[in-house]
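Only one structure is covered here, and it is reproduced in the block below.
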Amino acid sequence: MVSFKDLPEEELFLAGSTACQGCPSSLALRMAFKALGKDTILLVVASCTSVLQGSYPLSAINLPLMNVAFATGGASASGVSAAVKALVKRGELAEEPNVLVWAGDGGTYDIGIQSLSGAAERETDFIYVCYNNEMYSNTGTQRSGATPLGAWTTTTPGGKAQHRKDIAQIMIAHRIPYVATVSLAYPLDFYQKMLKAKEIRGTKYIEMLAPCPPGWKFPSAQMIAVSRMAVQSGMWLLYEHEDGETRFTAATKRILEGKVKKRPVKDYLEIQGRFRQILSSPEGQQAEDMLEKEVSESIRRLQGWVPEYI
Amino acid sequence: MSREKEEVGYMTSMSRPVKGCAGDTGEWRVFRPVKNDDKCNRCLLCWVYCPEACLTKEALEIDYQYCKGCGICAVECPTGAIEMVKEEKR
Ligand SMILES: Cc1ncc(C[n+]2csc(CCOP(=O)(O)OP(=O)(O)O)c2C)c(N)n1
Ligand code: SF4
Ligand code: SF4
Ligand code: SF4
Ligand SMILES: [Mg+2]
C-alpha cells in the first residue's frame, strides 16, 4: 500500500504560479508530476493550464512543455511520441520519456475528440489527462459537452437543459489498454493510477473532475470538499478499466459494496453556486431526479448492465 | 542562414522555470494560514492538498512568500491545527 510518505518530495510544479487560489488543475499537475517524474514531456492544450503555467519568459512548470492548439492534443502527442521513438532508435536518447497531454473538457469532449480518437485508434503511446471542470473556464465559463444538467454557465443562464456525455466510456470503446477516472480528494488512488499508466504501453486516458472555485461558485477553501462530495454522491464515479474489465476504486467501491451509504445528489448540488438557479426554480426537483437517474444508469452501465428490451 | 543557426542555435520563444513566475503571490492573501505545531499529528494532508506547493514535506513549513491563502489546508487538516487569520492591511 502506498502512503503519503512515499510521495516524492520534489516539486516540479513551482510555487507562485498564475493559477487562481485553490485551482484544481495546478494541484492535479503537482500530483501527476510526482507520479511521472522528471522524464516527462508535457503538451498543454489551449485551456486555463496555458495561462496558469505563467507567462513568457517565465514558467511554473519544471518540465519540457509545449503549448499546442485547442483541437490537437492527440495529433501533437502522435508527433512527439513518434519523434521520441525515432530518437531512441538512432541512439540520440537513452530512454523514452513519458508523453503527457493535459487538456480541459472543452479540449477533450468537444473540439479535441477527433484528434484524441485518431491517436487512440493508432495505438499511440502516450498518457492523455483530461481535467474536467465541466465548462470552458479560460474564456469565461461557457457550457461544454461535460457541463452537467442543471448547471449555470454564461451560455446556460437558467441551467443546462441537456445531460453531459460520458467520454470515458467513449475511450473504453476504443479498446485502449487503460482508462481511469480520478479525484483530487483521493490522492493516493490518483497517484497509483498515474503510476500504472506510466508502465503501460499504448494510449492511456485518465480523467479527473476539477471543481473550479470561481466557475462553480464556491469558496476556494472547499475545493477538496466539493471533489469529495462529487464522489460520495455518485456524480463522479471512480474506476479503472483494463483488460476488458471495469474495477471500481476508493470511495465508489466502498459505496457499491454497501460499506458506506451514497449521499443524495442534492448534497452535492447545494454546496455550489452554479446549481442555485435550477434548485430555486420550479424545475429544481425534476433536475435533481434526472441527475439521480443519470448516476444510477452510469453505475449500471459500468457494471455491464444490458437493457431488458434487448 | 545555416551559419546563423550554428551560432545562435534554434530560435524559438522559450520560458524558464522559476518559483514565483507570477511574482510574490503571497500578496494575494486575504487570510493567512497559521499552524499550531502542538496540534499537528504530521499526517501530511496539508502538504498533499496544497495546490500551490507551499508546504515543505519534512518541516511542514508554510512558504508565505507564495501561499495564496486559499484555505484548503485549514479545511482539510483533521486536527484543526491550521487557522485562517485575517491579514493586516499592507
Ligand atoms: C480553435 C480555438 N478556438 C477557441 C480558442 C479559445 N479558447 C482558449 S481556451 C478555451 C476554453 C477551453 O476550455 P477547456 O478545454 O474546458 O479548458 P478550461 O479553460 O476549462 O481549463 C477557448 C475557447 C482557441 N484557443 N482555439
Ligand atoms: S478558472 Fe478555475 S481552472 Fe481556471 S485557473 Fe482558475 S481555478 Fe483553475
Ligand atoms: S493537516 Fe494538520 S495535522 Fe496534518 S500535517 Fe498538516 S497541520 Fe499537521
Ligand atoms: S492556504 Fe492554500 S496556498 Fe496557502 S499553504 Fe494552505 S493550501 Fe497552500
Ligand atoms: Mg474546462
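Side notes on the structure shown:
- Test: residue in region B:42-49 that is open to solvent by 60 Å² or more (accessible area, probe 1.4 Å) and either free of Cβ contacts under 8 Å to residues at least 24 places away in the same chain or not β-branched (Val, Ile, Thr) (or both): yes
- Only listed residue being among the aliphatic types (A, V, I, L, M), open to solvent by 30 Å² or more (accessible area, probe 1.4 Å) and farther than 18 Å from A:GLY106 by Cα, chosen from A:ALA250, A:ALA221, A:ALA173: A:ALA173
- For region A:1-31, filtering for residues that are outside any loop (DSSP other than H, G, I, E, B), within 25 Å of A:SER137 (Cα to Cα) and either more than 9 Å from chain B (Cβ to nearest Cβ) or not basic (Lys, Arg) (or both) leaves 8.
- Scanning region B:50-90 for residues that are part of a loop (DSSP other than H, G, I, E, B) and either near ligand 4 (Cβ under 9 Å from one of its atoms) or open to solvent by 10 Å² or more (accessible area, probe 1.4 Å) (or both) yields a total of 27.
- Only listed residue being in contact (Cβ under 8 Å) with a residue 12 or more places away in the chain, open to solvent by less than 20 Å² (accessible area, probe 1.4 Å) and part of a strand (DSSP E or B), chosen from A:MET235, A:MET208: A:MET208
- Of all residues in region B:32-40, none are facing another protein chain (nearest Cβ under 9 Å) and either of a type in the set (Asp, Glu) or without any contact (Cβ under 8 Å) to a residue 12 or more places away in the chain (or both).
- The residues on offer are B:CYS70, B:CYS77, and the sole one that is more than 15 Å from A:ALA15 (Cα to Cα), away from ligand 1 (no atom under 16 Å from the Cβ) and in contact (Cβ under 8 Å) with a residue 12 or more places away in the chain is B:CYS77.
- Candidates B:THR12, B:THR79, filtered to the one that is more than 14 Å from chain A (Cβ to nearest Cβ), more than 19 Å from A:PRO24 (Cα to Cα) and among the hydroxyl-bearing types (Ser, Thr, Tyr): B:THR79
- Scanning region A:238-247 for residues that are open to solvent by 10 Å² or more (accessible area, probe 1.4 Å) and assigned to a loop (DSSP other than H, G, I, E, B) returns A:ASP243, A:GLY244.
- Just one of the listed residues (A:ASP267, A:ASP243) is modelled with pLDDT under 95 and more than 16 Å from ligand 4 (Cβ to nearest atom), and it is A:ASP243.
- Strands (runs of 3 or more DSSP E) (entirely within region A:32-122) containing at least 2 residues that are at pLDDT below 95 and open to solvent by less than 20 Å² (accessible area, probe 1.4 Å): none
The values are calculated or read from the model by the stated rules, or taken from the named source; none is laboratory data. As the structure is a computational prediction, the values presented were derived from the model and not from experiment. As a convention, Cβ positions derive from the backbone with ideal geometry for all residues, glycine included, and neighbour counts pool all protein chains shown. Areas reflect the complete protein model, heavy atoms only, side chains present, ligands, DNA and RNA absent. Shrake-Rupley method; radii C 1.70, N 1.55, O 1.52, S 1.80 Å.
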